[in-house]
Amino acid sequence: MNGLNRGERITGFTPGLQWACYFFLFTRMNSDELLRTKINQETSRLPWSELLKHFASGTVIAVASELDLVEVAFQISSDNKALVEEWLSANNVAKVSDEQAKIWLETEAQLWAVVVKPWILVQVCT
């Protein structure tokens, strides 16, 4: 059971168990929404030059422009291994290469960035 649509009811349980099911679904959905909101609020716009020391330590991960940065951060935070592995194999999420770092430095690129320890996820501002 992933959730209920508005107005949908849980049936076949005692009232106490129905309440427990509603509580579980409500808190589960809210915790995901709260985490997405937290990630969104922690996302900031930075020049690439401010991330160079993190790049040097190998902790900067580039997120392809076709993906939603907040959603990628959420899925990594939620330990969704299957989806993250899919992104990695498609090269939609990858460590920033030396060549990419050089281009971003030369062009004074502006990036969206968010920390998902131990990583810093970045995406080019469009």
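Throughout, read-outs are computed from the coordinates displayed, never taken from laboratory work. Quick caveat, the model's predicted, so the values are computed rather than measured. Don't worry about glycine lacking a Cβ; one is built from the backbone with ideal geometry, like all the others, and counts go over all protein chains shown.
Cα convex hull, the stretch 35-121: 89 Å³ per residue, rounded to a whole number. When the pairs Lys81/Lys102; Lys53/Lys95; Lys38/Lys95; Lys53/Lys81 are compared against a 19 Å limit on Cα-Cα distance, Lys81/Lys102; Lys38/Lys95; Lys53/Lys81 fall above it. Other residues lying with their Cβ under 15 Å from the Cβ of Val72 contribute a combined charge of -3, Lys and Arg counting +1, Asp and Glu -1.
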